[in-house]
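Sharing a structure with you now.
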Amino acid sequence: MTHTLDRPIAADQVDWQLLASGIEQGNIPALLMLLHQMTGEAKWLEEPFLPKRAPGLDDNDSGQLSEDIQRAIRDHARQAIEAWLKGKPLVLPQPDNAHLARMLSAAMTEHVPEEYGDIVAAGMMPAPPRRDIPPLLKTKSAIVIGAGISGICAGIELQRLGVHYTIFEKNEDFGGTWFENRYPGCGVDTPSLTYTFSCRPNDWSKYFPLRDEIEDYLLDTAREYGLPARAQFNSKVESARWIDDADQWEVVVSKPDGTTATHRADYLFSAVGILNIPQYPKIEGLDSFSGEVIHTSRWPNDVNLSGKRIAVIGNGASGMQVAPAVADEASALTLFARSKQWAAPFPQFRKDVPDGVRYLMRAVPLYRAWLEQRLSWTFNDRVHGTLRRDPEWPHPERAVNEINDGHRRHFTRYVHEQLADRPELIDDVLPDYPPFAKRMLLDNGWYRTLRKPNVRLIPEHLARIEGNRLISSSGIEVQADVIILATGFQTTRVLGSYDVIGRNGRVLRDLWGEDDAAAYLGTLVPGFPNLFILLGPNVGSGHGGSMIRNIENQMHFAGEVVLATAARGADTVEVKDTVYQDYRRQIDAAHEKLVWTHPGTENWYRNAKGRVIAITPWRNDAFWRMTRSPNADDLEFGKAASNHQSLAEAG
């Protein structure tokens with residue numbers, strides 16, 4: 001992979017005109033960080049060059065600086081970049097972590113904690129090489145269940161470790177949720193630079209890519225690393241059972257023709273994620289609807305919506321994407337939205353990355369790295385500290401603290417602006433709960449769609465269906481030819497797509513119940529040796545950010561556990577029950593202090609009892625630190641089945 005300090009394009013091959021265009025359109029705060037490292041001059045982090053704060057999620061390309069100051073920055077950046085491309089070394093090639101945090105503070109025009117420099121450095125500096133691979137590890141095998149992002153991460157890491165592995169995937173190719181979700185408007189609400197494997201940067205065409213570009217990227221990554229040769233597609237895992245007398249996992253796989261096969265391996269990596277089992281609503285008469293019913297995750301290739309009367313059920317992330325995308329095709333579009341959602345302004349919606357900026361990122365990876373760090377802070381941890389429930393705050397009915405109340409006012413103004421010519425809709429869409437208590441959505445044209453003359457919002461539950469008649473809970477009746485179920489996934493049913501039986505016949509579903517999953521660092525469960533769960537419970541990010549980074553953190557941790565096991569000459573490893581229970585208590589206690597457990601709040605993060613299952617309470621840099629290296633005292637190591645000897649004190 002290209003590193004941030006590399007020169008991927010030789011000076012005599014540089015397109016200087018295209019590069020100059022990129023610098024002219026480039027992000028001023030990122031260019032300032034580049035200048036500081038290239039020249040070593042502290043002035044680029046001081047007045048009058050310090051950027052000013054931009055509103056909302058804006059990229060702040062201008063830095064809110066005057067034209068004269070911007071001109072000076074761009075001119076000096078062009079000179080410094082040209083000199084670097086021609087061979088001049090960086091004056092500050094590797095600032096220390098505290099320095100990096102101060103730089104990011106300057107780029108973001110706000111305080112970034114000094115310890116955050118650790119994760120900035122990890123994203124910008126070369127990763128330290130793995131320690132020597134123990135010979136025992138090269139005799140081991142692994143099964144990976146799922147070929148989405150988690151499965152690709154697992155395959156790449158297992159190759160680095162020298163472990164022979166096989167990927168089983170129920171679909172026809174790599175991609176996971178991006179293979180399955182093909183509905184109109186489908187895309188990611190995370191910046192493209194952060195929705196990227198750290199080992200394989202991509203030349204994205206959009207700041208927030210749509211589904212097809214993401215799927216192409218995943219397929220290209222899998223092929224570049226040779227993963228198809230290790231994958232079996234159209235292979236659905238039905239069960240995984242730990243064989244005590246062999247210290248291996250036995251996996252039963254079914255094919256579309258009904259045949260099954262049994263496979264064994266030393267390690268099992270569950271990479272099925274939480275966005276794979278569709279959530280179908282319980283609506284009386286849905287099965288007898290006279291038209292077509294389509295779940296967004298099961299979108300048919302041949303559907304024709306032109307001139308149809310369409311009803312969309314749900315207004316979460318998929319609903320807010322699909323409704324604007326089909327509105328102009330429909331003769332009438334009815335939106336059943338019983339809950340209200342906060343949606344942030346989204347100025348980058350479907351915005352292309354200019355050709356010059358794309359070239360600048362390819363030619364100067366350090367610029368790309370600083371742009372990514374800014375986006376990571378903006379869309380990830382910037383808001384985390386504002387989500388704590390303040391017990392002294394006098395207005396818990398509308399916010400959890402003073403800053404959260406400021407967010408509420410900002411988003412409320414936005415709703416009023418968007419629906420200025422349709423004020424009668426405001427009460428039907430404006431939430432009465434604190435911002436971020438549910439997943440914060442981005443406005444993909446949702447409010448613009450509500451204003452269209454062929455669109456009707458019914459802010460109620462769809463109670464029943466009779467033929468082609470859809471009847472709301474209050475008796476409002478409409479007719480439809482097509483129903484689109486934008487109702488998401490069964491996110492609290494972790495590993496719900498297959499049975500997992502651990503040591504001594506222990507069934508994982510019995511341990512967890514239907515929707516009460518827990519795992520140490522989202523990865524390990526006692527009684528289930530050599531099992532690693534990727535994107536497991538409490539790993540997703542509720543406050544924003546790229547799930548790819550958290551999955552990579554988990555897989556790094558899993559790799560370190562596997563290495564530690566082999567280094568001890570052990571064959572099995574599992575987390576101690578006391579450690580597992582303590583981590584679960586820590587997770588629950590942390591969540592109780594945050595906005596998504598606010599009284600009266602409903603969201604897909606929580607199970608039937610209100611416990612948060614899907615997302616993490618941790619800041620991203622905190623989880624990164626937790627997953628750097630396992631503590632041997634937290635784990636139980638064992639020899640082969642013929643001699644189950646605890647190795648907890650070994651090494």
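The values are calculated or read from the model by the stated rules, or taken from the named source; none is laboratory data. Predicted model only: the values in this text are computed from it and were never measured. No Cβ is skipped: glycine too gets one built from the backbone with ideal geometry, and neighbour counts run over all protein chains shown. Heavy atoms of the whole protein, side chains included, go into the accessibility calculation; ligands, DNA and RNA do not. Shrake-Rupley method; radii C 1.70, N 1.55, O 1.52, S 1.80 Å.
Taking the Cα-to-Cβ direction at Arg298 and at His164 and moving 7 Å from each Cα, how far apart do the two end points lie in nm?
3.8
Quick check on the range 116-225: take the gyration tensor over C-alpha atoms, sort the square-rooted eigenvalues as a ≥ b ≥ c, and tell me if it's rounded (a/c under 1.5), prolate or oblate. Don't skip to the answer; put the middle values down first.
Details: a/c = 2.86, a/b = 1.28, b/c = 2.22.
Oblate, because a/c is 1.5 or more while a/b does not exceed b/c.
Starting from 0.36 nm per residue, how many nanometres of slack lie between Ile277 and Arg71 once their C-alpha separation is accounted for?
68.9 nm
Something else now. Quick one: which residues, 5 or more positions from Ser141 or on another chain, have an amide H under 5 Å from its amide H? H modelled 1.01 Å from N in the peptide plane, none for Pro or chain starts.
Hits under the 5 Å cutoff: Asp266, Tyr267.
Sticking with this one: Order 201-211, 436-446, 271-281 from most to least packed using the mean count of other Cβ atoms within 10 Å.
436-446, 271-281, 201-211
Taking θ as phi - 60°, what are the ³J(HN,Hα) couplings along the range 417-433 by the Karplus curve (6.51, -1.76, 1.60), each to the nearest whole Hz, with x for Gly and Pro?
Karplus-based 3J(HN,Hα) across the range 417-433 equals 5, 5, 10, 4, 8, 9, x, 5, 8, 4, 5, 7, 10, 7, x, 10, 10 Hz.
So, one more: Once you keep just the Cα pairs under 8 angstrom separated by 6 or more residues, what percentage relative contact order results for the range 508-549?
For the range 508-549, the relative contact order is 29 percent.
Starting from the 7 Å offset along Cα-to-Cβ, what nm value, one decimal, do you get for the label separation of Asp390 and Arg506?
Between Asp390 and Arg506, the label points sit 4.4 nm apart.
Name all residues of the range 259-295 having a backbone nitrogen under 17 Å from the label point set 7 Å from the Cα of Glu329 along its Cα→Cβ direction, giving them as ranges.
291-295
For the range 201-295, go through all pairs of different Cα atoms, get the mean of 1/r, take its inverse, and jot down that Kirkwood value in Å. Provide the component values of the computation, followed by the final result.
Details: mean 1/r = 0.0563 Å⁻¹.
One decimal place: 17.7 Å for the Kirkwood radius.
If you roll a 1.4 Å probe over the chain with all protein chains in place, what percent of the accessible area is carbon or sulfur?
On the chain, the fraction of accessible area on carbon and sulfur atoms equals 48 percent.
Taking every DSSP beta bridge with both residues inside the chain, roughly what % is antiparallel (nearest 5)?
Taking every DSSP beta bridge with both residues in the chain, the antiparallel ones total about 45 percent.
Same structure, new question: Quote the FRET efficiency, to the nearest 0.05, computed for Lys351 versus Gln232 with a Förster distance R0 of 45 Å and r equal to the Cβ-Cβ distance.
Efficiency at R0 = 45 Å is approximately 0.70.
Please work out the FRET efficiency for the pair Ile133 and Asp577, using the Cβ-Cβ distance as r and a Förster radius of 25 Å; give the result to the nearest 0.05.
Efficiency for this residue pair is about 0.25.
Through the Karplus equation 6.51 cos²θ - 1.76 cosθ + 1.60, θ set to phi - 60°, convert the phi angles of the range 352-357 into ³J(HN,Hα) values in whole Hz; use x for Gly and Pro.
With the stated coefficients, the range 352-357 comes to 6, 7, x, 4, x, 5 Hz.
Could you calculate the contour length gain from Thr109 to Trp16, that is, 0.36 nm times the residue separation minus the distance between their Cα atoms, to one decimal place in nm?
Once the chain is fully extended between Thr109 and Trp16, it gains 30.4 nm.
Taking 0.36 nm per intervening residue step and subtracting the Cα-Cα distance, what contour gain separates Ser141 from Gln79 on full extension?
Extra length from Ser141 to Gln79 when fully extended: 17.1 nm.
What's the Kirkwood radius of the chain in Å, using all Cα pairs?
26.5
What ranking do 228-240, 84-96, 509-521 get when scored by the average of other Cβ atoms within 10 Å per residue, highest first? Before the final figure, lay out each step's value.
Details: 228-240: 16.7, 84-96: 14.2, 509-521: 18.8.
Ranking, from highest mean packing down: 509-521, 228-240, 84-96.
Okay, next question. Using a 7 Å offset from the Cα along the Cα-to-Cβ direction at both Asp96 and Ser239, what is the distance between the two label points in nm, to one decimal?
Distance between label points: 5.8 nm.
A further question on this structure: Solvent-accessible area per residue for the chain at a 1.4 Å probe radius, Å²? Numbers along the way, then the final one.
Working: 25970 Å² over 651 residues.
For the chain, the per-residue accessible area is 40 Å².
A follow-up question, please. Excluding ligands and nucleic acids, what accessible area in Å² is computed for Cys186 using a 1.4 Å probe, to the nearest 10?
Probe radius 1.4 Å; accessible area of Cys186 about 10 Å².
I've got another one for you. Are any of the pairs Lys206/Lys308; Lys140/Lys576; Lys340/Lys452; Lys282/Lys340; Lys43/Lys88; Lys140/Lys170 more than 27 Å apart by Cα-Cα distance, and if so, which? The partial results should precede the final answer.
Numbers: Lys206/Lys308 31 Å; Lys140/Lys576 23 Å; Lys340/Lys452 19 Å; Lys282/Lys340 20 Å; Lys43/Lys88 20 Å; Lys140/Lys170 24 Å.
Violating the 27 Å limit, Cα to Cα: Lys206/Lys308.
Place a +1 charge on the Cβ of each Lys and Arg in the range 40-141 and a -1 charge on the Cβ of each Asp and Glu, then give the dipole magnitude about the Cα centre in debye, rounded to the nearest 20.
680
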